[in-house]
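First the structure, in the form of structure tokens, and then the observations on it.
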Amino acid sequence: LLEARLAFIRRLLAESPLVEGYWAPQMGANFSKSYAEVRNSMVGALLWPISVPCAAQYLDAVQLTLEGIDDARRMVKKNKDMVIVESADEMEQAHTDGKLAILFGLEGGHTLGSSLAVLRSMYSLGTRFVSLTGLGCTTPWASASIRTDFFDENLPSTLTNFGEVVVQEMNRLGMLVEISRLSEPAMMVALNVAKAPLLLSNALPASMACNGSTAAVPDHILSALSQNGGVLMLNVERCGEKAMSLKDAIAAINYIRAIAGVDHVGLSGSPKNYPLLLAELARDRLWGSAAIKKLVGGNIVRVLREVEVSKNRLPLSEDWIPLEAIEGNAYCRYPET
């Protein structure tokens, strides 16, 4: 019976791409190992956030981000089975062509240097999503869900006015706004001001009580995400500091479905376990072909497409943002004359 269900899942994944919501590969000589793992797990597309240390904020975070993008793009070009995509249509076409689609993004608003011009430039370089904060990395305009050694008491406890402008500008550009590492108040502000669906990637429902989890999402945020049209890509690998069992992963998927709906849940965190997880899920009559296709990638592809539509609906912002408007500014900048 298990083999029959696995064969069923293989047929579905031949028709629809399985999208991994958070891929952080080993770089350099170990890249091939990370690549082989996702290829063997039937993954068809990867959301790959470029990450730089939070300690680089106010220093050379933007330069490190550019170098990270360059490094990642070169890695992709060395692998003929991988292709960089910048839209939902390109992601689906890559799957049709038998390629592994790569959608680049940025992990943490500190990668932008509190600059809308940098944000727009990152879009021009092909990045299509931005996590507003990295792990514990509060910026001058967005508060993270946890505090780290880099936390400054003068930094905000929510999403500031400039943070709202960042969300709006991303909507205008057609970039996906990722909010899983934001504080709860900042999440609500983002959900209220967004004009396009949002993403929570590599997150968990708070009801699972995962000690040490950095992206635990309460029920009212799940409900608001449903109203927003967004998607939560569930971390099915770890519950805080512990590995997540297959039973717990399925329970979490069903919990999010019950609160937010089948149109608002996806997968992240554990490519090697996806085939078996999906085969077990298929034992439940609630998870037929249509529902599983939404879970594995249909929902995030829909969200990407709706975000792209917002670009055509909203005019680009050319408003001047004075430096003083960036609360808590601590950057070293060349003085204007």
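Rule-based calculations on the coordinates, nothing more; no lab input. Bear in mind the structure is a predicted one, so any value in this text is a computation, not a measurement. Positions of Cβ are backbone-derived with ideal geometry, glycine not excepted, and every protein chain shown enters the neighbour counts.
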Practice task
For the chain, set up a Gaussian network in which alpha carbons nearer than 10 Å are linked by springs, and say which option among Phe104, Phe31, Phe129 fluctuates the most.
Solution key: Phe31
Problem - Of Lys80/Lys311; Lys99/Lys242; Lys195/Lys294; Lys78/Lys311, those spanning more than 28 Å from alpha-carbon to alpha-carbon - result: Lys80/Lys311; Lys99/Lys242; Lys78/Lys311
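Tell me, what is the Rg over Rh of the stretch 186-275, with Rh the Kirkwood radius over Cα pairs?
Result for the stretch 186-275 is an Rg/Rh of 0.96.
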Practice task
Could you give me the radius of gyration and the Dmax of the chain, taking only the C-alpha atoms into account and expressing both in angstrom?
Solution key: 19.2, 73
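Calculate the tail of P(r) for the stretch 66-178: the fraction of all Cα-Cα distances greater than 22 Å, expressed in %.
Values: 2535 of 6328 pairs.
Everything past 22 Å amounts to 40 percent.
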Exercise for the section: Return the single residue from Glu241, Glu20, Glu92 with maximal mean-square fluctuation; model: Gaussian network over the chain, springs between Cα atoms under 10 Å. Expected result: Glu241
Handout entry: Under 5 Å, built H, 5+ apart or other chain: amide partners of Gly174
Key = Lys311
Handout entry: For the chain, calculated [θ]222 nm from helices alone, where every DSSP H run of n ≥ 4 adds -39500 (n - 2.57)
Key = -12000 deg cm²/dmol
Practice task
Between Ser32 and Lys242, take the C-beta separation as r, use R0 = 35 Å, and let me know the FRET efficiency to the nearest 0.05.
Solution key: 0.75
Problem - Max mean-square fluctuation residue, GNM over the chain, Cα-Cα springs under 10 Å, options Gly109, Gly229, Gly266 - result: Gly229
Exercise for the section: Could you state, as a whole-number percent, how many of the C-alpha pairs of the stretch 36-111 are farther apart than 20 Å? Expected result: 38
Completion exercise
Expected vector for the stretch 194-203, Karplus 3J(HN,Hα) from phi with 6.51, -1.76, 1.60 and θ = phi - 60°, integer Hz, x for Gly and Pro, equals 5, 9, 8, x, 10, 10, 10, 9, 6, 10
Completion exercise
Label model pair Ala7, Asn312: point-to-point distance (7 angstrom along the Cα→beta-carbon line) in nm is 4.2
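Need one number: % antiparallel among DSSP beta bridges in the chain, to the nearest 5. If you can, show how the numbers build up before the last one.
Working: 6 of 35 bridges.
DSSP beta bridges in the chain are roughly 15 percent antiparallel.
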